[in-house]
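S.K.: Before I ask anything, here is the structure I am working with.
Readers should treat all values here as calculations from the given coordinates under stated rules, not as data from a laboratory. Here the structure is a predicted model, which is why all the values come from computation and not from measurement. Because the Cβ atoms are built from the backbone with ideal geometry, glycine has one as well, and the counts that use them run over all protein chains shown.
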Amino acid sequence: MDWLKDLARSHGIADPRVNEFVNRIGKELPKHLIPKQRYNALNESKKKVVERLRERDKQLEELQASIDSSKTRKLRMDKLRIENKRLKEKYESEIRQLRLLTALLIAIGGCCREPTESSR
């Protein structure tokens, strides 16, 4: 810590007090500062943790998108099922009407013509 002694002397601190000053700084400094190697190790650990967090965030976003996509697909499938059921009921109703009309025409014996759209 010669650099500190030189600095203290250049600011007018006498030699006997310089040694006391440097000794006190030597005792207090480790309480407030960390060695460069320790700082670098901690900084590397921090970088790794931040990178892992970014990866996890990306995975969570992908998972959320997948879940949203699944929900969207499920809603679309439900809508299609409902629409399919409605169309099936409509088709079956039309088939019943055609069967009834055909049965009536056969029962009458074909003496009448099939009703037109305007007469229905």
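S.K.: Sort Ile106, Ile25 so the one with the fewest other Cβ atoms within 10 Å of its own Cβ comes first.
M.R.: Fewest-to-most Cβ neighbours within 10 Å comes out as Ile106, Ile25.
S.K.: For the stretch 71-80, what does the Karplus curve 6.51 cos²θ - 1.76 cosθ + 1.60, with θ = phi - 60°, yield as ³J(HN,Hα) per residue in whole Hz, taken in order and with x for Gly and Pro?
M.R.: Per residue, the Karplus-derived 3J(HN,Hα) values read 5, 4, 4, 5, 4, 5, 4, 4, 4, 5 Hz.
S.K.: Further, regarding this structure: Stretched out fully, how many nm does the piece from Arg76 to Asp57 gain, at 0.36 nm a residue minus the Cα gap?
M.R.: This chain segment gains 4.0 nm when fully extended.
S.K.: Same structure again: Cut-off under 25 Å on the C-alpha distance; same-chain residues fewer than 8 positions from Lys71 excluded. Which lysines are left, in chain and number order?
M.R.: Once the sequence-local lysines are set aside, what remains near Lys71 is Lys58, Lys79, Lys85.
S.K.: What does the chain give for Rg and for Dmax, in Å, if only its C-alpha atoms count?
M.R.: 45.1, 137
S.K.: Mind checking the stretch 21-114 for GluC sites (Glu not before Pro) that DSSP puts in a loop (not H, G, I, E or B) and that have at most 10 other Cβ atoms within 10 Å?
M.R.: none
S.K.: Run the helix sum for the chain: -39,500 (n - 2.57) per DSSP H stretch of 4+ residues, divided by residue count, reported at 222 nm to the nearest 500 deg cm²/dmol.
M.R.: The per-residue figure over the chain is -30500 deg cm²/dmol.
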